[in-house]
Each structure stands twice: as structure tokens, then as C-alpha cells.
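Chemist: Would you mind keeping the following structure in view while I ask a few things?
The values are calculated or read from the model by the stated rules, or taken from the named source; none is laboratory data. Since the model is a prediction, treat every value here as computed from it, not as a measurement. Methodologically, a virtual Cβ is constructed for each residue, glycine included, from the backbone with ideal geometry; neighbour enumeration extends over all protein chains shown. Ligands, DNA and RNA are stripped out before the accessible areas are found, and what is left, the full protein with its side chains, is counted by its heavy atoms. Shrake-Rupley method; radii C 1.70, N 1.55, O 1.52, S 1.80 Å.
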Amino acid sequence: MKAPARQILHCTARSRAGRLVAVVLSLAIWTNTTAANEAANIPAPSPNKLERITEFFNNEVATGKLPGAVVLIQQHGKPVYLKCFGVQDVATKIPMTADTIFALHSMTKPITSVAAMMLIDAGKLSPADPVSKFIPAFADAKVGVSSVAPDGQYALKLVPADRPVTIMDLLRHTSGITYDYIGGKLIMKAYSESGLFDGRYSNKVFADRIARLPLARQPGTLWRYGHSTDVLGRIIEIVSGQTLYQFEKQYIFDPLGMTSTKFVLESADERARMAEPLPSDTILKLAETQRRAHPEWESGGGGLVSSLTDYARFAQMILGGGQLDGKRYLSPAAFKSMTSDHIGPGSGVARDYYYFPGDGFGYGYGFAVRTDPGNAKPPPPGSIGELKWDSGSGTYFGVDPKLDMIYILLEQTQNERGRITPAFRKLVYDAFAADK
């Protein structure tokens with residue numbers, strides 16, 4: 001089913017005091033923004049090049065590849081590009097707005113990581129703490145190693161961990177905890193046969209279950225994506241004495257005004273604002289069905305939903321070095337630690353084949369961190385020091401201190417995200433590039 005080709009709108013967000021509002025860019029705004037940028041010696045985006053973003057997403061919707069999307073580029077704290085495309089659900093044909101709610105999936109991870117850093121700031125948690133200090137089952141963690149059995153078949157041999165899994169390992173994905181679709185076949189088999197997702201499970205039950213599974217590698221030796229941030233979410237609950245949502249609501253969502261960011265939608269109005277993938281996007285449809293079927297599981301690695309309006313507040317706080325509107329969420333030291341590369345040269349950490357940060361990026365605590373131009377010729381667009389992350393549902397954001405800019409793309413597609421997100425990123429940075 002194809003979305004209407006002309007269903008491309010400027011975002012018309014519901015008005016909320018003190019929050020991001022929809023704008024129609026005028027010549028006066030462009031003049032003022034350009035003058036401010038020149039004064040700060042930071043390039044402003046080209047209006048003509050920004051139109052290429054519009055053309056790109058117009059085409060995605062018109063050709064039926066996406067039901068819709070919302071896009072924001074914000075520089076110096078003000079939107080320089082804000083548009084909504086298509087519909088949030090091809091069944092209802094309700095237009096996209098800046099308040100449409102999207103399943104964030106792995107774009108939940110930066111928020112959970114900030115929550116953990118707040119506890120580290122408060123002295124209640126340390127990156128060096130062993131996970132077993134909070135979840136005793138991890139004290140007996142074993143590493144799964146492929147070996148040859150007497151009958152000549154490969155088998156999973158369990159060997160002791162060289163050292164305990166730490167909070168730092170959870171933050172930087174070096175714990176050895178994986179996903180059931182990443183890693184060697186024997187590890188994936190152990191995960192799939194474990195009953196990890198059987199029945200009802202809270203963060204407590206989930207963490208206890210995964211602690212019994214073999215680690216895919218020795219702690220601290222390999223960056224491998226997995227359920228590390230889910231375990232971190234459980235530790236936040238233990239240390240704070242609150243559910244993960246209660247803690248994040250009190251210390252992040254409410255102070256930032258993120259009223260649509262939560263694990264479970266609570267009202268008919270919220271559910272009516274939920275974006276849906278195309279019916280043909282079967283992998284994401286299944287993932288969403290599973291996520292919604294377990295409202296009791298507040299997955300710190302992938303369970304949140306949010307809106308463009310909300311996530312822009314979070315991203316702007318990160319751009320502000322951990323503060324926004326005069327309120328500090330992270331100390332300068334915690335923020336610097338969080339946004340530094342912890343898996344680069346000298347760290348002893350290798351990179352998995354599925355190294356999602358990408359060419360030119362290291363990894364901090366919850367964010368990919370641009371450290372160098374990379375190996376590609378020409379190098380990927382962007383700035384040294386840029387932070388970013390994305391998700392399996394196609395959501396994507398970046399924070400660029402050099403340009404004093406954030407960019408956010410919210411969509412719901414697993415089928416097309418691998419093509420769309422790098423194209424979008426290039427369009428964003430092309431808009432800031434000097435004409436040759």
C-alpha cells in the first residue's frame with residue numbers, strides 16, 4: 001500500500017509551553033540565523049541543499065518505501081529544518097506530526113546510559129563495580145568457547161571468566177553479553193534454547209535469566225552488541241530503589257519536559273499518535289508485537305517510545321554538555337567520560353564483525369564517538385567529536401558540537417533503514433558543506 005504522494009507537510013506540532021514548536025522557515029529567520037552563524041564562525045546550512053532532504057523523503061513516501069517520517073535539524077538551539085512526511089499509519093492515514101510517537105528500540109540505550117551516569121555522578125555506582133555486586137548470579141559467569149567433542153561435533157565448552165563483568169563493560173558493550181542473533185552459532189543456539197523470553201518477565205527476571213547464559217567472549221576483550229544495557233537498566237533499579245521508568249521519569253523525562261517518552265503508552269490519545277511500520281516490514285512488525293506484549297519489561301536497551309519533540313530535548317541536553325535551560329543533568333567530568341572513546345587503541349578491545357558505530361567511530365558510554373576520518377575514500381561525512389546512535393526501527397540521531405547542531409530522523413522501518421540512514425546523514429552534512 002502506497003502513502004499519498006503529496007502527503008508531505010510542514011510539522012504541525014501540538015503547542016506546549018517552553019517546548020519545541022513547529023515552524024515555517026521564512027526569509028527573516030534565515031537572515032538572522034545566517035548572521036548569528038557568521039558571527040560564531042560556524043557554517044549555516046544551505047536552504048537549497050536542505051530541500052534535497054525534502055525531495056529525498058518525498059520520494060520515499062511517494063514510492064511506498066516509507067509510510068512517513070519526521071526530520072529535525074537544530075542549530076544553536078533553534079530548528080533550521082523541521083518537516084513531517086507522509087502518514088504515521090497507512091491504515092488510518094493520520095498525518096505525521098512532531099508529536100507522533102515512535103518505538104525507539106536501540107535509541108533507548110543513550111537514555112539508559114545517561115541514567116546510569118547520573119548514579120555514577122552521585123557516587124552510588126562506579127564503572128569499576130562488578131555486576132555481581134548487584135546481581136549475584138553474575139559471580140559465576142562462564143565464557144562459551146567452541147570445542148570439538150569426542151564424536152567430532154562442535155560443542156560449547158564453558159570456561160571461567162578471566163575477570164568479572166563490570167559496569168563499564170555494560171556501558172561500552174564489552175561484557176560478553178550478546179543478542180540471540182549476533183555471534184557464533186553455538187552461542188546463538190544457547191540463547192535461543194534458554195527460554196530467555198518465555199512467559200512474563202521484569203527487568204529482575206530478565207537479568208537473572210541472562211546471567212545464567214554463557215558470555216560470548218572474555219569480558220573487556222570485544223565490542224559486541226547485546227543485552228548489556230538491559231542488565232544496566234536492572235542495576236539502575238537496584239541502586240535507586242525505583243523502577244527504571246520511575247527513575248528516568250523523575251530525573252530525565254520530567255525535568256526535560258519529555259511527556260511522551262515512556263515504556264508503555266497509557267492513554268487512547270497516546271496510542272492514536274503511535275507510528276506503525278508498513279505491513280510488509282515483517283521483522284519490525286514482529287519485534288513491535290513482542291515489545292508491546294511485554295509491558296512489564298522496561299527494557300533499558302530498547303523499550304522506550306518517544307516523539308521528535310521529546311527526543312530533541314534530550315539531544316539538545318547532550319549537545320549542551322549535560323545541561324539544558326540552566327539545569328545540569330551530568331557533571332562535566334561524567335559527561336566527558338561518557339562521550340570519550342573507551343574502545344580505541346590501547347584499550348585491549350577488538351571490534352566485532354557487526355561493529356555498528358561504523359567507520360571512523362569509537363564508542364563511549366551509550367554513544368558512537370567520531371574519532372578520526374575513517375578508512376573510506378572519501379571519508380564518511382561528519383565532524384570529529386560527533387556523537388550518534390540509531391536503531392533497528394530506523395530511528396537515528398546525531399549531536400555535532402563543532403556545528404552546534406543536532407539532527408534527528410524518526411521513522412519505523414527495518415527493511416529500508418540500512419539504505420535511508422546513511423543517505424540522510426550525507427544529506428545533512430552536505431547541507432553544511434561549503435560549495436566547491
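Conditions tested, residue by residue: (1) aliphatic (A, V, I, L, M); (2) under 17 Å from Ala207 (Cα atoms).
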site: Cys84; (1), (2): no, no
site: Thr108; (1), (2): no, no
site: Ala116; (1), (2): yes, yes
site: Asp121; (1), (2): no, no
site: Pro127; (1), (2): no, no
site: Gly152; (1), (2): no, no
site: Ala155; (1), (2): yes, no
site: Ser192; (1), (2): no, yes
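For (1) over 22 Å from Thr221 (Cα atoms); (2) touching an Asp or Glu at 6+ places or on another chain (Cβ under 6 Å), each residue gets a yes or a no:
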{"residue": "Ser347", "(1), (2)": "no, no"}
{"residue": "Pro357", "(1), (2)": "no, no"}
{"residue": "Tyr365", "(1), (2)": "no, no"}
{"residue": "Gly382", "(1), (2)": "yes, no"}
{"residue": "Phe397", "(1), (2)": "yes, no"}
{"residue": "Asp400", "(1), (2)": "yes, yes"}
{"residue": "Ile406", "(1), (2)": "yes, no"}
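Chemist: So, one more: Of the residues Pro130, Pro136, which is under 30 Å from Ser340 (Cβ atoms) and either aliphatic (A, V, I, L, M) or modelled with pLDDT of 95 or more (or both)?
Modeler: Checking each option against the conditions leaves just Pro130.
Chemist: How many of the residues in segment 326-369 are within 15 Å of Ile384 (Cα to Cα) and of a type outside the set (Asp, Glu)?
Modeler: Taking segment 326-369 first, the residues within 15 Å of Ile384 (Cα to Cα) are 336, 339-341, 344, 357-364, 367-369.
From the residues that got through so far, the ones that are of a type outside the set (Asp, Glu) too are 336, 339-340, 344, 357-358, 360-364, 367-369.
Result for segment 326-369: 14.
Chemist: Can you spot a residue in segment 197-210 that is within 20 Å of the chain's Cα centre (by Cα) and closer than 24 Å to Ala293 by Cα?
Modeler: Yes - at least one qualifying residue is present in segment 197-210.
Chemist: Tell me which residues, restricted to segment 384-410, are open to solvent by less than 10 Å² (accessible area, probe 1.4 Å), over 16 Å from Gly302 (Cβ atoms) and of a type outside the set (A, V, I, L, M).
Modeler: Within segment 384-410, Glu386, Gly398, Asp400, Tyr407 meet the criteria.
Chemist: For segment 191-248, which residues satisfy the criterion of being in a helix (DSSP H, G or I), closer than 19 Å to Pro136 by Cα and of a type in the set (Gly, Ala, Ser)?
Modeler: Selection gives Ala207, Ala211, Ser228, Gly233, Ser240.
Chemist: Quick check on my filter: what residues within segment 365-394 are hydroxyl-bearing (Ser, Thr, Tyr) and touching a Phe, Trp or Tyr at 6+ places or on another chain (Cβ under 9 Å)?
Modeler: Within segment 365-394, Thr371, Ser383, Ser393 meet the criteria.
Chemist: Please find, within segment 307-321, the residue that is surrounded by the most Cβ atoms within 10 Å (Cβ to Cβ) out of those that are out of contact with any helix residue (DSSP H, G or I) (no Cβ under 8 Å at 6 or more places or on another chain) and in contact (Cβ under 8 Å) with a residue 24 or more places away in the chain.
Modeler: Among them, the one singled out is Leu308.
Chemist: What are the pairs with Cβ atoms under 7 angstrom where one residue, in segment 40-58, is closer than 15 Å to Ala423 by Cβ and the other, located anywhere, is assigned to a helix (DSSP H, G or I) and not acidic (Asp, Glu)? Sequence gap at least six, or different chains.
Modeler: Going by the 7 Å Cβ cut-off, the qualifying pairs are Lys49/Ala431; Leu50/Ala431; Arg52/Leu427; Ile53/Leu427; Phe56/Ala423; Phe56/Leu427.
Chemist: Within segment 142-163, work out how many residues are touching a Ser or Thr at 6+ places or on another chain (Cβ under 6 Å) and within 12 Å of Gly220 (Cα to Cα).
Modeler: Result for segment 142-163: 0.
Chemist: Still on this structure: Could you tell me which residue of segment 288-306 is most open to solvent (accessible area, probe 1.4 Å), considering only residues that are of a type outside the set (Gly, Ala, Ser) and either in contact with a His (Cβ under 7 Å, 6 or more places away or on another chain) or under 15 Å from Phe253 (Cβ atoms) (or both)?
Modeler: Filtering segment 288-306 for residues that are of a type outside the set (Gly, Ala, Ser) and either in contact with a His (Cβ under 7 Å, 6 or more places away or on another chain) or under 15 Å from Phe253 (Cβ atoms) (or both), the one most open to solvent (accessible area, probe 1.4 Å) comes out as Glu298.
Chemist: Are any of the residues in segment 160-168 open to solvent by 50 Å² or more (accessible area, probe 1.4 Å) and in a strand (DSSP E or B)? Outline the logic, then answer.
Modeler: Taking segment 160-168 as the starting set, the residues that turn out to be open to solvent by 50 Å² or more (accessible area, probe 1.4 Å) are 160, 162-164, 168.
Subset that is in a strand (DSSP E or B): 160.
Yes: segment 160-168 contains one or more residues that are open to solvent by 50 Å² or more (accessible area, probe 1.4 Å) and in a strand (DSSP E or B).
Residues checked against (1) over 30 Å from Val231 (Cα atoms); (2) aromatic (Phe, Trp, Tyr); (3) outside any helix (DSSP H, G or I):
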site	(1), (2), (3)
Pro79	yes, no, yes
Asp89	yes, no, yes
Phe102	no, yes, yes
Ser106	no, no, no
Lys109	no, no, no
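Chemist: I'm checking my understanding of the structure. Among residues of segment 111-129 that are in a helix (DSSP H, G or I) and open to solvent by 10 Å² or more (accessible area, probe 1.4 Å), which one is nearest to Gly301 (Cα to Cα)?
Modeler: Met118
Chemist: Next question, about the same structure. Among the candidates Leu196, Leu222, which residue alone is farther than 18 Å from Thr112 by Cα, among the aliphatic types (A, V, I, L, M), surrounded by fewer than 23 Cβ atoms within 10 Å (Cβ to Cβ) and touching a residue at least 60 places away in the same chain (Cβ under 8 Å)?
Modeler: Just a single option satisfies the conditions, and that option is Leu222.
Chemist: Follow-up. Among the residues of segment 412-419, are any under 18 Å from Ser307 (Cβ atoms) and in contact with an Asp or Glu (Cβ under 9 Å, 6 or more places away or on another chain)? Please lay out each step first, then the result.
Modeler: First pass over segment 412-419, keeping only residues under 18 Å from Ser307 (Cβ atoms): 412-413.
Still in the running and in contact with an Asp or Glu (Cβ under 9 Å, 6 or more places away or on another chain): 412-413.
Taking every residue of segment 412-419 in turn, at least one turns out to be under 18 Å from Ser307 (Cβ atoms) and in contact with an Asp or Glu (Cβ under 9 Å, 6 or more places away or on another chain).
Chemist: So which residues in segment 369-392 are under 19 Å from Asp230 (Cβ atoms) and not polar (S, T, N, Q)?
Modeler: Trp389, Asp390, Gly392
Chemist: Residue by residue through segment 153-205, note down the ones that are among the aromatic types (Phe, Trp, Tyr), in contact with a helix residue (DSSP H, G or I) (Cβ under 7 Å, 6 or more places away or on another chain) and under 25 Å from Pro357 (Cβ atoms).
Modeler: Tyr181 - this is the single residue of segment 153-205 that is among the aromatic types (Phe, Trp, Tyr), in contact with a helix residue (DSSP H, G or I) (Cβ under 7 Å, 6 or more places away or on another chain) and under 25 Å from Pro357 (Cβ atoms).
Chemist: Just wondering, is there one or more residues in segment 235-242 that are open to solvent by less than 30 Å² (accessible area, probe 1.4 Å) and more than 21 Å from Asp310 (Cβ to Cβ)?
Modeler: Checked against the condition, which is being open to solvent by less than 30 Å² (accessible area, probe 1.4 Å) and more than 21 Å from Asp310 (Cβ to Cβ), segment 235-242 yields at least one hit.
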